[in-house]
Amino acid sequence: MTKSPLSAIPAIDLSRQYASIKQELDAAIQSVLDGGIYASGQAVAAFEREFARYCGVNQCVAVNSGTSALHLAMIAAGVKPGDEVITVPFTFVATAWAISYVGAKPVFVDIDPRTFTMDAEKLSRAIGSKTRAVIPVHLYGQMAQMDSIRDVCADNELALIEDAAQAHGAEYRGRRAGAWGKIGCFSFYPTKNLGAFGEAGALTTNDPAIAERLRHLRDHAQTQKYRHEELGYNYRMDELQGCILKVKLRHLEDWNNARIEKAITYKAKLRNTSVSLPFAAPEVRHVWHQFVVRCSARDRLQRHLSSAGIGTSLHYPVPIHLQPAYRHLGYRRGAFPVSEQVAAECLSLPMFPELREDEIERVCHAIASAETNP
Ligand SMILES: *Cc1c(COP(=O)(O)O)cnc(C)c1O
């Protein structure tokens with residue numbers, strides 16, 4: 001009898017999640033198709049109410065991507081051309097794009113070497129007379145050090161905007177992502193902890209006036225139909241994504257808890273290997289959007305896992321200050337040593353709620369064997 005070859009383990013498999021709630025989703029999608037209203041309808045409005053409640057805020061404004069959410073947040077925070085906005089260089093590039101879209105300048109501060117989120121102590125030193133806002137990023141599902149960041153923003157009258165694109169349901173001292181800043185920005189890109197079947201995003205706030213402004217801006221800035229007092233955008237979420245997200249939101253807590261379980265298993269099984277394990281600060285509920293280990297021979301380990309049929313990814317291999325698109329900012333290699341080192345050493349292991357125990361076992365075994373057999 002020949003042994004059947006082991007199947008590949010993907011970095012992420014979205015089809016397993018669809019299969020697990022197919023009937024519920026298909027029925028919801030069908031009802032939108034049958035209803036004949038495909039934009040600006042009840043499904044998006046209902047999702048907004050439920051996501052606001054989930055995050056513990058008064059208001060949610062749904063949009064068509066996380067990038068659009070960040071862009072509108074910059075406008076609503078009053079960021080103008082020539083202003084400066086502080087964020088981290090170790091994030092997805094969209095955090096910086098939003099700052100640039102309004103003609104402001106991204107100013108970076110390095111990350112904390114343990115949590116990979118904004119180093120709150122370095123934040124104060126980066127503030128200048130042109131600083132208007134700060135965007136901490138809740139990277140990989142772990143919230144930034146929000147109590148100290150919030151205090152620094154309050155003391156310096158800076159708008160605090162959360163990039164919560166990777167942190168649906170994450171908590172800091174018991175309060176959820178999106179409920180700490182003036183505005184929270186979420187992405188529902190398919191691979192996120194809460195993912196649409198296409199592009200989608202949202203903003204959260206406790207300020208009804210800000211929410212009204214955001215609703216206005218996302219819909220061509222119409223004061224009344226076909227009357228536009230300022231530059232507007234078409235950043236609306238469509239009804240199909242709204243109904244899909246509304247169904248999926250009911251499962252988000254189970255999925256986040258499953259990710260937390262996978263992270264515990266990974267940590268236990270990788271304890272005696274030479275990769276360094278991710279750190280969750282005691283104040284946080286980490287929701288493990290990614291499970292990222294560090295390894296000085298990262299590229300070799302990635303090739304080894306790939307040859308064992310194990311998919312991995314890099315979040316993110318090039319920090320933003322070293323991206324060609326931001327050459328004009330004049331940052332050099334060495335400017336943010338922690339971000340640069342983590343970018344060179346990070347490796348995202350397979351992580352999604354439907355990942356099986358036997359698959360985690362195989363990933364950990366492959367990592368251990370990489371060391372004994374380089
Ligand atoms: C995904 C992501 C975004 C952008 O969201 P999109 O929906 O893809 O536009 C922004 N910031 C971070 C940290 C992200 O992970």
In Å², and per residue, what accessible area does the stretch 21-161 have when probed at 1.4 Å with the other protein chains present?
39 Å²
For the stretch 283-374, the per residue accessible area (1.4 Å probe, Å²) is 45 Å²
Gap separating the Cα centres of the stretch 287-356 and the stretch 42-112, nearest whole Å
23 Å
Compute the Cα gyration tensor for the stretch 175-284, then decide on rounded, prolate or oblate, letting a ≥ b ≥ c be the square roots of its eigenvalues: rounded whenever a/c is under 1.5, prolate when a/b is larger than b/c in the other cases, and oblate in all that remain.
prolate
Aspartates and glutamates whose Cα lies under 17 Å from that of Lys269, excluding same-chain neighbours fewer than 8 positions away
Glu261, Glu357, Asp358, Glu359, Glu361, Glu371
Which order do His321, His220 take by accessible area at a 1.4 Å probe, largest first?
His220, His321
From the backbone phi of the stretch 224-232, what are the Karplus-calculated ³J(HN,Hα) couplings (6.51 cos²θ - 1.76 cosθ + 1.60, θ = phi - 60°) in whole Hz, Gly and Pro given as x?
9, 4, 6, 10, 10, 8, 8, 5, x
Sorted by chain and then number, the residues having a modelled amide H within less than 5 Å of the amide H of Asp83, at least 5 places away or on another chain, are Lys105
Which aspartates and glutamates have a Cα lying under 13 Å from the Cα of Lys122, excluding residues fewer than 8 positions away in the same chain?
Asp110, Asp112
Solvent exposure, largest accessible area first (probe 1.4 Å, DNA, RNA and ligands not counted), of Tyr54, Tyr266
Tyr54, Tyr266
If the limit is 20 Å between Cα atoms, which of Lys22/Lys192; Lys105/Lys130; Lys182/Lys225 go over it?
Lys182/Lys225
Ranked output for segments 16-24, 327-335 by mean other Cβ atoms within 10 Å, highest leading, reads 16-24, 327-335
Under 1.5 on a/c is rounded, so check that first for the chain, then, if it is not, pick prolate when a/b is larger than b/c and oblate when it is not; a ≥ b ≥ c are the square roots of the alpha carbon gyration tensor eigenvalues.
oblate
Qualifying aspartates and glutamates (Cα of each under 18 Å from Cα of Lys246; at least 8 residues distant if same chain)
Glu24, Asp26, Asp34, Glu48, Glu50, Glu199, Asp238, Asp254
How large is ³J(HN,Hα), in whole Hz, for each residue of the stretch 286-296 in order, when computed from phi with the Karplus curve 6.51 cos²θ - 1.76 cosθ + 1.60 and θ = phi - 60°, using x for Gly and Pro?
7, 9, 6, 4, 10, 10, 10, 9, 10, 8, 5
Counting sequence-distant residues (5 or more places) and residues on other chains, those with an amide H built under 5 Å from that of Ile9 are Ile310, Gly311
Can you send over the solvent-accessible area of Lys248, 1.4 Å probe, protein chains only, in Å² to the nearest 10?
10 Å²
Listed peptides 57-67, 31-41 by packing density, highest first (mean Cβ within 10 Å)
57-67, 31-41
Before rounding to the nearest 500, sum -39500 (n - 2.57) across all DSSP H runs of length at least 4 in the chain and divide by the residue total; then give [θ] at 222 nm in deg cm²/dmol.
-12000 deg cm²/dmol
Take each of the peptides 298-308, 88-98, average the number of other beta-carbon atoms within 10 Å over its residues, and list them starting from the highest.
88-98, 298-308
Yeah, the stretch 308-354 with a ≥ b ≥ c from its alpha-carbon gyration tensor (a/c under 1.5 is rounded, else prolate when a/b outruns b/c, oblate otherwise) is prolate
Once phi for every residue in the stretch 171-183 is put through the Karplus expression 6.51 cos²θ - 1.76 cosθ + 1.60 (θ = phi - 60°), the whole-Hz ³J(HN,Hα) values, with Gly and Pro written as x, are 10, 10, 6, x, 10, 7, 4, x, 10, 9, x, 4, 9
Considering amide H positions built from the backbone, and no H for Pro or chain starts, which residues 5 or more places from Phe291, or on another chain, come under 5 Å of its amide H?
Leu349
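The values are calculated or read from the model by the stated rules, or taken from the named source; none is laboratory data. Treat the numbers as computed from the prediction; the structure is a model and nothing was measured. Backbone-built Cβ (ideal geometry, glycine too); neighbour counts: all protein chains shown. The protein model used for the area step is the full one, side chains on, heavy atoms only, and it has no ligands, DNA or RNA in it. Shrake-Rupley method; radii C 1.70, N 1.55, O 1.52, S 1.80 Å.
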